1. Every residue in segment 132-156 that is outside any strand (DSSP E or B), modelled with pLDDT of 95 or more and under 21 Å from THR45 (Cβ atoms), please.
2. Would you mind stating whether LYS138 is within 17 Å of the chain's Cα centre (by Cα) and closer than 19 Å to LEU125 by Cβ?
3. Consider ALA50 against the criteria (1) open to solvent by less than 10 Å² (accessible area, probe 1.4 Å); (2) closer than 17 Å to PRO161 by Cβ: it satisfies all of them except one. Which criterion is unmet?
4. Within segment 98-109, count every residue that is open to solvent by 20 Å² or more (accessible area, probe 1.4 Å) and closer than 14 Å to GLY79 by Cβ.
5. Looking only at residues that are farther than 30 Å from PRO64 by Cβ and in a loop (DSSP other than H, G, I, E, B) in segment 169-195, which one is most open to solvent (accessible area, probe 1.4 Å)?
6. When the residues of segment 196-205 are narrowed to those that are open to solvent by 50 Å² or more (accessible area, probe 1.4 Å) and more than 20 Å from LYS13 (Cα to Cα), which ends up modelled with the highest pLDDT?
7. Restricting the search to segment 65-84, which residues are small (Gly, Ala, Ser) and open to solvent by less than 10 Å² (accessible area, probe 1.4 Å)?
8. Could you say which residue among GLY23, GLY62, GLY90, GLY34 is exposed (fewer than 15 other Cβ atoms within 10 Å of the Cβ) and touching a residue at least 60 places away in the same chain (Cβ under 8 Å)?
Amino acid sequence: MNKIVFATNNQHKLDELRAIAGGKIEVVSLADIGCQDDIPEDADTLDGNALAKAEWVCSRYGIPCFADDTGLEVDALDGAPGVHSARYAGGAGHDSAANTALLLKNLRDVEMPRRTARFRTVIALVYPDGGKHLFEGKVEGFILTAPQGDGGFGYDPVFAPVEWGGRRSFAEARADEKNAISHRGRATRALVDFLCGTDGANTVQTNNSIE
């Protein structure tokens with residue numbers, strides 16, 4: 001089995017990714033390798049943030065590492081919050097409730113069907129020998145006018161994918177239902193396919209080797 005470090009200590013993300021990987025790779029966290037540092041995350045693109053995190057860990061610990069960055073891109077807000085999704089409301093840490101409240105406030109005058117949006121995840125994989133690869137997954141949907149459901153995390157209660165008719169939120173779904181179509185699920189399956197030597201043709205992805 002392949003063993004690889006996921007540059008996160010977010011237990012929600014770690015559990016979700018391990019479930020998607022289905023035991024095909026052994027994923028360890030930053031805590032598992034004794035990394036408690038605050039990793040820089042100040043690039044202006046999802047690709048840049050994912051690469052920066054993976055490179056930071058790989059260069060200091062000498063082990064293969066992947067990192068992800070996810071953004072919610074709302075068309076009526078010109079793509080915001082985008083790369084700033086985790087800290088959209090400002091302040092210290094990642095306050096999901098505050099982020100969601102601000103998003104709904106900024107969309108208060110926008111009605112369906114103009115509340116279109118997408119989740120996009122980029123995963124960067126970095127090797128100690130300098131090899132770098134990017135994988136992308138995205139899912140189209142709508143921003144609901146109020147939170148629905150108590151599952152998931154982040155913006156899940158207000159994001160309704162088009163596959164479910166734009167009425168049912170990610171937070172109302174079982175984990176396996178969400179993972180089957182989600183942005184992170186698609187990007188993760190592309191990563192796993194690459195690591196296991198399969199083609200991943202059925203995923204929405206990019207797989208770019210970076211020189």
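The values are calculated or read from the model by the stated rules, or taken from the named source; none is laboratory data. The shown structure was predicted, so the numbers you read here are calculated from the model rather than taken from an experiment. Neighbour counts run over all protein chains shown; Cβ positions are idealised from the backbone, glycine included. Calculation scope for accessible area: heavy atoms of the full protein, side chains included, ligands and nucleic acids excluded. Shrake-Rupley method; radii C 1.70, N 1.55, O 1.52, S 1.80 Å.
1. The answer is TYR155, and nothing else.
2. Numbers: within 17 Å of the chain's Cα centre (by Cα): yes; closer than 19 Å to LEU125 by Cβ: yes.
Taking the combined requirement at face value, the residue satisfies it.
3. All conditions are met except number (2).
4. First, the residues of segment 98-109 that are open to solvent by 20 Å² or more (accessible area, probe 1.4 Å): 98, 101-102, 104-106, 108-109.
Filter once more, keeping what is closer than 14 Å to GLY79 by Cβ: 106.
Residues in segment 98-109 being open to solvent by 20 Å² or more (accessible area, probe 1.4 Å) and closer than 14 Å to GLY79 by Cβ: 1 in total.
5. ARG174
6. Step one: list which residues in segment 196-205 are open to solvent by 50 Å² or more (accessible area, probe 1.4 Å), which gives 196-199, 201-202, 204-205.
Among the residues that remain, those that are also more than 20 Å from LYS13 (Cα to Cα) are: 196-199, 201-202.
Numbers: CYS196: 83, GLY197: 78, THR198: 59, ASP199: 48, ALA201: 33, ASN202: 32.
Once the filter is applied, the top-ranked residue is CYS196.
7. Kept after step one, since they are small (Gly, Ala, Ser), are these residues of segment 65-84: 67, 71, 76, 79-80, 82.
The answer is ALA67, GLY71, GLY82.
8. Working: GLY23 fails: touching a residue at least 60 places away in the same chain (Cβ under 8 Å); GLY90 fails: touching a residue at least 60 places away in the same chain (Cβ under 8 Å); GLY34 fails: touching a residue at least 60 places away in the same chain (Cβ under 8 Å).
Every option except GLY62 fails the conditions.
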